[in-house]
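Inspection log for the structure reproduced underneath, given as structure tokens.
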Amino acid sequence: MELEVRYAAVLKQAKGFLSSAKKTANGSNLSNSHLLLLLKHKADCPLCGVVFEGENHNSEHIHPRALGGANDAKNKIQLCKNCNNCKNSVMQRHLAMPPPYHKGYPDNWEAVKSFLLWSELTIDDGLMAGVAIPEVHKIFLEERFAGEQPRQGPKRAFGRASTLDKVTGPNYPHNGVLGHTQSRPTTTPAGGRKKGFWERFATPVLDYLTGYGSEAAQSATTTSSQGEKQQEGKKPSSATSPSPEEKSTPAKEQAPVKQSKPKQTAEMKPRAQEMVKTQDGIRIRRDLRGLPFEHAVSLVISHKQISLNTLANWLDTDLRHFEILKDGDHYLTHFGYSKSKGLRGALEQEFPEMFLVESTDGIWRVQSTMASYLKDWEAFLLEAHERGDPVLLTEFWTHIRSVSKPASSTWTDFLTPFSIKSKGPVPGKVLAFLDRTNLLYEIIGEKPDHSIAVSRPIYQPSVEPMVTATINQSETKAKEEPTKSKTIPDVSPEFQHHIIGALENLEGEIQLSTLSARLSRYLKSIGEESMSFRNFAKKYGIPKASFSAAEILEHYFGELVGFRIEGTVIYIWKI
């Protein structure tokens with residue numbers, strides 16, 4: 001009923017149109033000046049967050065013309081073609097008939113009303129506010145996102161066309177709200193901001209199930225003063241008079257206002273990380289400060305299988321790079337082991353459940369016993385990265401709980417081979433898992449909406465070269481195989497033809513990581529099997545593990561594609 005009052009003018013206009021059986025007039029698009037404003041700011045779709053480029057977007061009437069909507073700026077918004085088409089499809093499915101819709105009036109009025117309310121509400125309060133009208137919202141999610149909630153919300157979207165005249169930048173109220181999981185309240189009560197469904201119910205339940213947020217709970221139970229409890233977010237009831245202890249507590253300690261906006265704690269700060277080039281490709285180097293031996297080895301190895309010589313080199317170099325080892329110190333001595341024990345002895349005798357050490361062709365190699373899980377998590381995070389979606393920390397934790405961890409295994413048994421303690425808050429465990437992958441990552445947002453943004457390791461020449469460390473001679477008598485020169489093989493011209501086809505309509509620059517999605521769409525359009533860029537290159541004889549995407553593009557398309565590095569991200573464009 002509240003929505004019907006809020007949008008009474010819209011419903012009245014629709015009733016008048018349908019009852020009079022008027023013919024639907026043609027609509028019009030946004031003006032060129034408005035479109036240029038959207039493209040200038042690389043605007044995205046208010047519903048799904050897809051960036052507008054080329055002709056992938058349309059002007060949409062929020063109140064459809066077929067239901068009596070006006071053809072004016074107040075009733076227009078720019079949507080991507082997919083959302084626009086899906087919205088039209090939803091209207092036809094929900095109304096169960098094609099236009100003209102006045103033929104079904106007044107029998108179809110309830111269906112018309114619910115669709116109009118959903119259409120207006122999702123533009124004004126964000127897509128996920130549409131859950132208030134589930135009969136329509138469910139159909140749209142099915143049409144647009146295969147029934148799932150979107151993982152990406154708008155970041156640079158604009159609102160109704162009537163708000164564009166004096167606007168210099170994106171003005172949509174829900175920019176930056178990942179997946180539209182929060183809706184903007186229509187009114188704000190005198191006592192403060194009105195909490196929505198997610199804050200009141202869903203988030204606490206999810207926190208309880210996953211353990212996320214347990215730091216605050218643990219801290220609250222061990223805090224002795226009421227003032228400190230208030231700092232953990234527990235406000236005393238207004239109907240209860242303060243105790244003498246509360247009265248004597250300084251006002252600065254009692255004020256919870258400054259703590260209402262959670263800050264990223266030290267625990268949520270990733271361990272120092274950087275890319276470094278090795279003989280076998282690229283790896284992520286992390287600060288091993290304060291870590292026990294097995295923990296440090298777990299981080300250095302990631303999911304790779306490497307020789308003991310290489311492991312010794314990496315451990316020694318990482319410790320010296322961060323000035324943890326001094327001149328003359330030995331890396332094994334730093335971890336409390338005798339040099340005579342040797343690296344192989346320390347791994348085989350002390351941590352057989354964590355590391356698999358075996359000899360292949362006379363070379364001793366080591367690998368984490370949990371390598372398969374690490375590869376799965378890398379793939380899970382990179383898939384989101386390819387789509388341009390950050391992953392909610394709770395979403396990653398749910399994937400670990402429901403997909404990775406065997407149902408028959410206890411948490412202690414599952415975490416021990418990772419050198420991770422089962423006790424402690426979830427965020428700390430997630431960071432420990434991320435450290436063990438071969439990915440650069442950062443934590444963005446604030447609790448409870450922490451997100452994980454990852455990127456593929458891309459080598460930057462400014463990184464210092466590795467130095468050599470030694471291991472005990474008894475560990476291996478074999479020398480490493482000589483380094484082979486990296487020569488990209490000649491391939492069929494068909495490979496270049498298809499890549500050029502995938503980039504044919506490219507305007508401006510894109511992130512290199514999005515090339516796979518563009519190639520997959522192109523291959524699907526010509527009736528071929530969709531696959532990533534690296535897998536497609538492998539199909540034509542280019543070893544997947546030997547060459548990066550940037551190296552392949554530079555070799556085969558150096559005269560056609562330009563490159564630009566910004567931080568850890570590579571951008572490409574057609575020359």
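Being in contact with an Asp or Glu (Cβ under 7 Å, 6 or more places away or on another chain) and within 26 Å of L39 (Cα to Cα) holds for only one residue in S520, S516, and it is S516.
Here E60 meets the list (1) out of contact with any Pro (no Cβ under 8 Å at 6 or more places or on another chain); (2) assigned to a helix (DSSP H, G or I) almost entirely, failing just condition (2). Being out of contact with any helix residue (DSSP H, G or I) (no Cβ under 6 Å at 6 or more places or on another chain), surrounded by 15 or more Cβ atoms within 10 Å (Cβ to Cβ) and either under 30 Å from P154 (Cβ atoms) or not small (G, A, S) (or both) is not true of W364. M91 meets the stated requirement of being within 34 Å of the chain's Cα centre (by Cα) and either crowded, with 21+ Cβ neighbours inside 10 Å or at pLDDT below 90 (or both).
Scanning segment 359-414 for residues that are of a type in the set (D, E) and more than 18 Å from P150 (Cβ to Cβ) yields a count of 4. Counting only residues that are closer than 30 Å to D107 by Cα, at pLDDT below 85, aliphatic (A, V, I, L, M) and buried (at least 16 other Cβ atoms within 10 Å of the Cβ), segment 4-48 holds 0 of them.
Picking from residues in segment 126-155 that are part of a loop (DSSP other than H, G, I, E, B) and touching a Gly at 6+ places or on another chain (Cβ under 8 Å), the one that is surrounded by the fewest Cβ atoms within 10 Å (Cβ to Cβ) is Q149. For segment 403-440, what are the residues that are touching a strand residue (DSSP E or B) at 6+ places or on another chain (Cβ under 6 Å) and among the aliphatic types (A, V, I, L, M)? Once the filter is applied, which keeps residues that are touching a strand residue (DSSP E or B) at 6+ places or on another chain (Cβ under 6 Å) and among the aliphatic types (A, V, I, L, M), segment 403-440 yields L434, L439, L440. Scanning segment 68-85 for residues that are under 27 Å from P106 (Cβ atoms), in a helix (DSSP H, G or I) and out of contact with any strand residue (DSSP E or B) (no Cβ under 9 Å at 6 or more places or on another chain) yields one hit, K74. Right, T394: surrounded by 19 or more Cβ atoms within 10 Å (Cβ to Cβ), out of contact with any helix residue (DSSP H, G or I) (no Cβ under 9 Å at 6 or more places or on another chain) and in a helix (DSSP H, G or I) or not? For T394, the condition - surrounded by 19 or more Cβ atoms within 10 Å (Cβ to Cβ), out of contact with any helix residue (DSSP H, G or I) (no Cβ under 9 Å at 6 or more places or on another chain) and in a helix (DSSP H, G or I) - is not met.
Selection over segment 406-456 of residues that are under 18 Å from P390 (Cα atoms), surrounded by fewer than 18 Cβ atoms within 10 Å (Cβ to Cβ) and of a type in the set (A, V, I, L, M, F, W, C) gives a count of 2.
Please work out if E110 is at pLDDT below 90, part of a helix (DSSP H, G or I) and among the charged types (D, E, K, R).
no
For segment 497-541, a residue qualifies if it is among the polar types (S, T, N, Q), loosely packed, with under 15 Cβ neighbours inside 10 Å and not in a helix (DSSP H, G or I), and exactly one does: N505. Yes or no: segment 311-322 includes at least one residue that is surrounded by fewer than 21 Cβ atoms within 10 Å (Cβ to Cβ), outside any helix (DSSP H, G or I) and not assigned by TED's automatic domain parsing to the domain that holds S419. Yes, some residue in segment 311-322 is surrounded by fewer than 21 Cβ atoms within 10 Å (Cβ to Cβ), outside any helix (DSSP H, G or I) and not assigned by TED's automatic domain parsing to the domain that holds S419. Of all residues in segment 373-391, exactly one satisfies the criterion of being under 30 Å from R344 (Cβ atoms), touching a residue at least 60 places away in the same chain (Cβ under 8 Å) and surrounded by fewer than 19 Cβ atoms within 10 Å (Cβ to Cβ), namely K375. For segment 277-304, the tally of residues that are surrounded by 19 or more Cβ atoms within 10 Å (Cβ to Cβ) and of a type in the set (S, T, Y) stands at 2. Screening N75, N82 for residues that are of a type outside the set (A, V, I, L, M, F, W, C), in the same structural domain as A161 (by TED's automatic domain parsing) and touching a Gly at 6+ places or on another chain (Cβ under 8 Å) leaves exactly one candidate, N75. Of the residues making up segment 518-534, just one is at pLDDT 85 or above and touching a Lys or Arg at 6+ places or on another chain (Cβ under 7 Å), namely S530.
Within the set of pairs 6+ apart or on separate chains, which have a first residue in segment 409-426 that is outside the structural domain of M354 (by TED's automatic domain parsing), a second that is among the hydrophobic types (A, V, I, L, M, F, W, C) and assigned to a helix (DSSP H, G or I), and C-beta atoms under 6 Å apart? Partner pairs satisfying both residue conditions: I420/A432; S422/W411; S422/L415; V426/W397. Of all residues in segment 68-85, those that are under 21 Å from Y7 (Cβ atoms) and in contact (Cβ under 8 Å) with a residue 24 or more places away in the chain have Cβ atoms under 7 Å from Cβ atoms of residues that are small (G, A, S) and part of a helix (DSSP H, G or I), 6 or more apart or on another chain, in G68/A14; G68/G16; A73/A161; A73/S162; K74/S162; K76/A161; I77/A161. Among the residues examined, D107 qualifies as assigned by TED's automatic domain parsing to the domain that holds R6 and out of contact with any helix residue (DSSP H, G or I) (no Cβ under 9 Å at 6 or more places or on another chain).
Would you be able to say whether some residue in segment 267-277 is part of a helix (DSSP H, G or I) and at pLDDT below 85? Within segment 267-277, one or more residues are part of a helix (DSSP H, G or I) and at pLDDT below 85. Residue count for segment 412-439, restricted to those that are closer than 17 Å to K269 by Cα and of a type in the set (S, T, N, Q): 1. As a summary of the residue check, K429 satisfies the conditions (1) without any contact (Cβ under 8 Å) to a residue 12 or more places away in the chain; (2) among the basic types (K, R); (3) in a helix (DSSP H, G or I) except for the one numbered (1). Residues being small (G, A, S), out of contact with any Gly (no Cβ under 8 Å at 6 or more places or on another chain) and modelled with pLDDT under 85 are represented in segment 362-379 by at least one member. Listed conditions (1) assigned to a helix (DSSP H, G or I); (2) touching a strand residue (DSSP E or B) at 6+ places or on another chain (Cβ under 7 Å) are all met by V366, apart from (1).
The values are calculated or read from the model by the stated rules, or taken from the named source; none is laboratory data. Just so it is clear, the structure is predicted and the values come from calculations on it, not from any experiment. We place every Cβ from the backbone using ideal geometry, glycine too, and count neighbours over all the protein chains shown.
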